[in-house]
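Rule-based calculations on the coordinates, nothing more; no lab input. Predicted model only: the values in this text are computed from it and were never measured. Because the Cβ atoms are built from the backbone with ideal geometry, glycine has one as well, and the counts that use them run over all protein chains shown.
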Amino acid sequence: MVSVGREALQEAQKNNKLLIISIGYAACHWCHVMEHESFEDTIVADLMNTHYVPVKVDREEHPDVDKIYMSAVQQLTGRGGWPLNVVALPDGRPVWGGTYFPKNNWMQALRQIADVW
């Protein structure tokens, strides 16, 4: 099991929801862009909160968590970067991920993954 926070894991397992783990840092331009475009948007937030347990991680505060999910995304996609966005099973194991997603692409991916789940 991967440690992304006991409360998030418990909520995901209790409600049988996937986790969305978004990792970034204060000086990351694209992290701020995605935060503004998607994470601060009420429609996107509703989609995420309805189907997932969202977890935001500062890579500078939790380099151990960043390392685990960066490795997973690099293996899945062949590249990595920030913002790092991962969908994980309720126990924290990563199943899908990538870096920056424009709002419409992010919403489309999250809907498709929720439908499969």
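Considering only beta bridges that DSSP places wholly inside the chain, some 55 percent are antiparallel. Each part reduced to its alpha carbon centroid, the stretch 80-117 and the stretch 7-77 end up 8 Å apart. Checking [x] 16.1, 45; [y] 15.3, 53; [z] 12.9, 35 against Rg and Dmax of the Cα atoms in Å calculated from these atoms, the matching label is [z].
Peptides 95-105, 81-91 ranked from most to least packed give 81-91, 95-105, packing being the mean of other C-beta atoms within 10 angstrom over each peptide's residues.
With each label modelled as a point 7 angstrom along the Cα→C-beta vector, the GLN112-GLU7 pair spans 3.3 nm. Annotation note: GluC sites (Glu not before Pro) in the stretch 32-76 located in DSSP loop regions with a Cβ neighbour count of at most 13 within 10 Å are GLU40, GLU60, GLU61. Placing dummy labels 7 Å off each Cα toward the beta-carbon, the span from ASP46 to LYS14 is 2.5 nm. The lysine pair count for the chain, using Cα distances under 20 Å and pairs eight or more places apart or on different chains, is 4.
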